[in-house]
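Data first, discussion second: the structure below is written as structure tokens.
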Amino acid sequence: MARFGGELLQRYRRGMLPHKRRGTQANQAHHLDWWTEALGPWPMADVTPARLVACRDELAQTRAPGPVNQYLRTLSHAFSVAVNEWGWLEQNPLRRVRLLPEPRGRTGLRVPASGSWTS
């Protein structure tokens, strides 16, 4: 029986999201809405790494790398559950999709060149 991306995401939303913290639920529900729009009508066999890279790149046009990677991680967990618990897929197609590089951000406290905070 052919399964569709929308079925996977709907089942994940019903079965997995309620067990997550409230803030995580809200963020991931938003991610799942986007993925449902992007992948919902596609048969699971057509959700290839190439299609997922195209979706990643589409997300990256309007979002920074960090949020794009969060969207990818949410979807990756849904696929992992579909592989490991439901037996819907042989492997997670996102395993072959790279996350976007993220800036390092803050690495620690910057000390003034003089070595003292007072002048």
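The charge dipole of the chain, taken about its Cα centre with unit charges on the Cβ atoms of Lys, Arg (+1), Asp and Glu (-1) only, comes to about 480 debye.
What is the set of long-range amide H partners of residue 4 at a cut-off below 5 Å, with H atoms built 1.01 Å from backbone N? Under 5 Å from the amide H of residue 4 lie the amide H atoms of 44, each far enough along the sequence or on another chain.
Summed over qualifying helices (DSSP H, 4 residues or more, each -39500 (n - 2.57)) and divided by its residue number, the chain shows a 222 nm mean residue ellipticity of -17000 deg cm²/dmol. With respect to the chain, whose longest principal axis is taken over its alpha-carbon atoms, helix 65-84 is tilted by about 40°. Our coupling estimate for region 92-97, obtained by passing each phi through the Karplus curve with A = 6.51, B = -1.76, C = 1.60 and θ = phi - 60°, is 7, x, 6, 4, 9, 10 Hz, Gly and Pro reported as x.
Mean projection of the alpha-carbon convex hull of the chain over all orientations, in nm²?
Numbers: hull surface 42.3 nm².
For the Cα atoms of the chain, the hull's average projected area reads 10.6 nm².
The calculated FRET efficiency for residue 7 paired with residue 62, based on their beta-carbon distance and R0 = 30 Å, is about 0.65. What is the helix-to-structure angle for 22-39, meaning the angle in degrees between its Cα long axis and the longest Cα principal axis of the chain, kept from 0 to 90 and rounded to the nearest 10? Roughly 50 degrees, rounded to the nearest 10.
FYI, it's all coordinate maths here, none of it is from the lab. Note that the structure is predicted; figures quoted are calculated from it, not measured. Because the Cβ atoms are built from the backbone with ideal geometry, glycine has one as well, and the counts that use them run over all protein chains shown.
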